[in-house]
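Here the structure comes first, spelled out in structure tokens, and everything after it is commentary.
The values are calculated or read from the model by the stated rules, or taken from the named source; none is laboratory data. On a predicted model such as this, the values are computed, not experimentally measured, just so you know. All Cβ positions, even for glycine, are placed from backbone atoms using ideal geometry, and neighbour counts span all protein chains on display.
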Amino acid sequence: MYTHLVAECLDCGHRSSYSPKESICPHCGGGWREARYDYKTIGKKILEELPNRPFDIWRFHDLLPIQDPHPVISMGEGGTPLLKATNLGTMLGIPHLYIKDEHQNPTGSFKDRQASITVTALKEAGITETVLASTGNVAISYAAYTSRAGIKLWAFLTSLVPAEKMREVAIYGTQVIKVTASYDQTKKLATEFAEQRQRGSYLDRGVRSIPALESMKTIAFEISEQLTSAMGADPDNPQVPWRVPDWYIQAVSGGLGPVGVLKGFDELREMGLTDRIPAIAGIQAEGCAPMVHAWKQNLDVAEPVHSPRTRIATLATGDPGHTYTILRKRMMQSGGGAFESVTDEEAFRAIHVLAKMEGLSMEPAAAVAFAGLIKMARSGQIQPTEVVVVNLTGHTMPVEKIILGEGWAQDVEIPELPSEMKPEEGLLSALSRITPKPHASVAIVDDHPQARRLIRRILQSQGEYTIFEASNGREALELARQEELDVMVLDLMMPEMDGFSVLDALKADEKTASIAVIVVTAKTLTPDEKARLRGRIHTLMKKGEFLDEDLVEEINSLLRNGSC
């Protein structure tokens, strides 16, 4: 018996007891109900007991639709790290940028939260069979957890789901039904199938399933607690125990994640642990972006996309239904936010950026959120002073060929050696064929170590360069006179000797006058300052307004054109 929560119908407001076996309101027959708790009492209890609880999803069992606070259907889900994205933040001009790394869940995605709590609730209720429709990650998570719980799973997957994901679902003993149709049609087929099954079968209805929705709010709980640990109390309201970001950004398909996370931040405020709700940014693939279109047209209902045109199959939900309406209403009532779309190519490029800048690999669906972050930072929607958290939702399969393209590896064949040649000589000969020659000698001149590290990382990840560093103008001039530099990446704002003075000294010396200079600065230049640079530098780049490939392309264009 669930005594710590009730189910509230969003259609008529009726409150009733909760059971996983009951999916509709007993008063009006409405199909959308949400869990409600005694927030004031639980809020006081949580602050007292959290120090003695493990840091995983069950840390917040008082606010979950389960009876046993120590469930056996668990594989270590939740409690994922909140990583500060130092390099990416420097590149975008957002110093307080964090990544919620959900791909560290047991099967590699944030959907493990949904599966663990739902399967636990089903096990407690004695349900032995469940049915769901999926674009990949949900089915993988449910397959693993239902296997552990001894529950039969029927997974309906659209034929667009990559074969690698289908095989992973099947390996757990799940019955896979491959449907050659859109995801929305696949959901309808799964619903009809579940209705024909025996009474013990449970249909996972995504955002309208109480355990599924409740699972996603744990992301908000963890972010708030981790952000407080990383940054301290909110300086604008230090008496509030926890803090929240200014922006929470996530890729969106059906909308379960953002709705659940928003509910989580709202409950934190209800308990008095925080005082506000962050702005939510939902990012969709341009070829299937019904929520984006509705948001930008100020519509309460999203018009379905019947023929999604995106290669990112896990985000190809063309009809968000009532979920968008609910999400839009709550965003307007709380912290606001935005919906944006990005192209598949922008998402693929974001995969490269995150891997090279932060050491994080992800699937295309997760990369959509980061492509959206880059777009919003460039457009000024996100301010440099704001605290931003992006959800890296998952990485559950090998890197796809389409992401890397051709030429990402070199083949080496070690030939048979004459008897008189030592084996080591053959290895050295093979290595000589793959050791690249340096492209250019580059000096990075900036008084901020973080900025120098970022530019060094950009160069290291994109090619082979001989790299020097200088922390001030005098060191830069000494480097230029001692080394044969091809390019200098120069900051303008430095103490004692600024970039303008360095440039004057370089051009005045015949030995250094030919060094090509790329200015990278955060300074907004006056007309006089622009005139001082005109004709003396190769290009001017604004900090926070270029990506890794942009800088390397500028350097390589100098080499191609013989400018250095």
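Values as computed for the structure displayed
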quantity: Meets criteria (within 25 Å of Pro54 (Cα to Cα), surrounded by 22 or more Cβ atoms within 10 Å (Cβ to Cβ) and not assigned by TED's automatic domain parsing to the domain that holds Thr385) for Ile219; calculated: no
quantity: Verdict on Lys507 being of a type outside the set (A, V, I, L, M), farther than 26 Å from Ala371 by Cα and outside any helix (DSSP H, G or I); calculated: no
quantity: Any hit, the range 98-109, residues being free of Cβ contacts under 8 Å to residues at least 60 places away in the same chain, under 29 Å from Ala366 (Cβ atoms), assigned to a helix (DSSP H, G or I) and of a type outside the set (A, V, I, L, M); calculated: yes
quantity: Whichever residue in the range 515-539 is closer than 17 Å to Val445 by Cβ and assigned to a loop (DSSP other than H, G, I, E, B) and, among such residues, is modelled with the highest pLDDT; calculated: Ile515
quantity: Subset of the range 54-94 that is closer than 30 Å to Lys375 by Cα and part of a loop (DSSP other than H, G, I, E, B) - its residue that is modelled with the lowest pLDDT; calculated: Gly93
quantity: The one condition in (1) out of contact with any Leu (no Cβ under 6 Å at 6 or more places or on another chain); (2) not assigned by TED's automatic domain parsing to the domain that holds Ser224 that Tyr37 fails to fulfil; calculated: (1)
quantity: Among residues of the range 540-549, those that are at pLDDT 80 or above and surrounded by fewer than 18 Cβ atoms within 10 Å (Cβ to Cβ), counted; calculated: 3
quantity: Search result, residues across the range 81-132 that are among the polar types (S, T, N, Q) and either more than 24 Å from Phe55 (Cβ to Cβ) or in contact with a His (Cβ under 8 Å, 6 or more places away or on another chain) (or both); calculated: Asn87, Thr90, Ser109, Thr128, Thr130
quantity: When residues of the range 487-524 are limited to those that are among the small types (Gly, Ala, Ser) and farther than 10 Å from Ile537 by Cα, the one nearest to the chain's Cα centre (by Cα); calculated: Ala522
quantity: Test: Ala289 is assigned by TED's automatic domain parsing to the domain that holds Met91, more than 15 Å from the chain's Cα centre (by Cα), within 17 Å of Val252 (Cβ to Cβ) and at pLDDT below 95; calculated: no
quantity: Test: residue in the range 41-55 that is among the small types (Gly, Ala, Ser), touching a residue at least 40 places away in the same chain (Cβ under 8 Å), in contact with a Gly (Cβ under 9 Å, 6 or more places away or on another chain) and surrounded by 19 or more Cβ atoms within 10 Å (Cβ to Cβ); calculated: yes
quantity: Residue list for the range 235-260, filter: in contact with a Ser or Thr (Cβ under 8 Å, 6 or more places away or on another chain), in a loop (DSSP other than H, G, I, E, B) and within 20 Å of Glu270 (Cβ to Cβ); calculated: Val240, Pro241, Trp242, Arg243, Val244
quantity: So Val342, is it in contact with a Gly (Cβ under 8 Å, 6 or more places away or on another chain), surrounded by 20 or more Cβ atoms within 10 Å (Cβ to Cβ) and on the phi < 0 side of the Ramachandran plot; calculated: yes
